[in-house]
1. Determine whether Leu63 is at pLDDT 80 or above and within 16 Å of the chain's Cα centre (by Cα).
2. What number of residues in the range 230-263 are without any contact (Cβ under 8 Å) to a residue 60 or more places away in the chain and either aliphatic (A, V, I, L, M) or assigned to a helix (DSSP H, G or I) (or both)?
3. State yes or no: is Arg124 assigned to a helix (DSSP H, G or I) and among the basic types (Lys, Arg)?
4. Quick check on my filter: what residues within the range 207-229 are touching a Pro at 6+ places or on another chain (Cβ under 8 Å) and at pLDDT 80 or above?
5. In the range 290-328, what count of residues is obtained for those that are farther than 22 Å from Thr257 by Cβ and of a type outside the set (Ser, Thr, Tyr)?
6. Residues in the range 134-150: is at least one surrounded by 24 or more Cβ atoms within 10 Å (Cβ to Cβ), among the hydroxyl-bearing types (Ser, Thr, Tyr) and part of a helix (DSSP H, G or I)?
7. Is it fair to say Gly270 is at pLDDT below 90, in contact with an Asp or Glu (Cβ under 6 Å, 6 or more places away or on another chain) and within 19 Å of Ser395 (Cα to Cα)?
8. For a quick check of your reading of the model, give me the residue pairs whose first member lies in the range 326-337 and is closer than 17 Å to Gly289 by Cβ and in contact (Cβ under 8 Å) with a residue 24 or more places away in the chain, whose second is outside any loop (DSSP other than H, G, I, E, B) and of a type in the set (Val, Ile, Thr), with beta-carbon atoms closer than 6 Å and at least 6 apart or on different chains.
Amino acid sequence: MRRTAALAPLLAERGFLRLYGVRVTSAAADGIFQAALASYVLFNPERATTPAEAAAALAALALPYSLVGPFAGVFLDRWKRQRVLVAAQLVKTFLVVGVAVLVGSHRENVAFLAVTIGALSVNRFFLSALSAALPHVVPSPALVLANAVSTTSGTIATLIGAAIGGGLRIAVGADVTRLGAVVALAGVGYLGSSAIAAGFGRETLGPDAPATSRLWGAVRTVVLGLAGALRHIAGRRRVAAGLGAVALHRFCFGIATLTIVLLERNYFSGTHDVTQGLFGLGSVVAASGLGIVTSAFATPRATRRLGKTRWITVMLLAAGVAVAVFGLPFQRILVVAGAFVLGFSAQGVKITVDTIVQEDVADNFRGRAFSVYDMLYNATYVAAAAVCAAVVPTSG
């Protein structure tokens, strides 16, 4: 009853509901796109997946966010964020259709990699714009709850989309033409998300302060802009500590993710039983998703009782214990149980740090601060993939 009462004022905010719709529609499309693409690359029945291939796939998912991140904030602090949300989804639709054509023609070449990275890079602008826009549609006291609801719902939508994409991948089997159609299905979701974002007024989502310099001049001074954001962050101890915690957690989470992928692809089910491997990975994803949902309900109350810093510490400790207890025996059922705890801790850390950044960073720095955040979040994931490629065996 208390949670319902807390949600009522938030759900009465029409701007929040619209932004929520933009997020979950896009997230479902992301799930379809990424699941279909990952199954195409990692679960090829003709050969086993090597650690290097798995690491390259994970790096391709995360690296664009790190490369685009430094530039995204500069643009988001200058461009109308409503326009970014609309345009980014239209561009993603075009690029995803391009990926679908390449998948359908069975072309794993430079063009395939470039178009895929392009689609994921555009998504970085979109997600950064969502984070920077949230304080414009939600009052400050409701930010923790708004983050819990929106990011968790986005994650759930991604998982649902991934289930759809994975299920369709199993249904179409080795038929790459039909798999290309599954990839193209994500474009429908992106178009819907763009249409919802178009309902915002141009000025509604900020930025509040008008740009004072020319665009390309700002691009040339990206490094200076990032340095300014870093100084701003360094002067806010809670923000700096929170970003450090996220970077550490994300690195460890990346190692766990790649190891689990290899275990499901090459160890638990054998190298040729692709369907069983997909089902096994789906179980892990479902358990992680359940942990994420549970954390969304627990985190707002926990941060009120323990404080944000203590809650982050508890989540990091829980993740470490989960890896040791559930991961090291290398049993599928234990890995699934561990995935629940890892999902719970990951969401708890992210919701809390998102809120700290939104509360403590000034609006004219917020876009760049979230770009630094995203850069750390994804660069540490890429670093984890590189470490795994060097030291993890093919079996996981």
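1. Criteria not met by Leu63.
2. Adding up the residues that qualify gives 5.
3. yes
4. Within the range 207-229, none qualify.
5. 12
6. Yes, that holds for at least one residue.
7. In short, no.
8. Qualifying pairs under 6 Å: Val336/Val284.
The values are calculated or read from the model by the stated rules, or taken from the named source; none is laboratory data. Given the structure is predicted, the values throughout are model-derived calculations rather than measurements. Note that we place each Cβ from the backbone using ideal geometry, even for glycine, and neighbour counts take in every protein chain shown.
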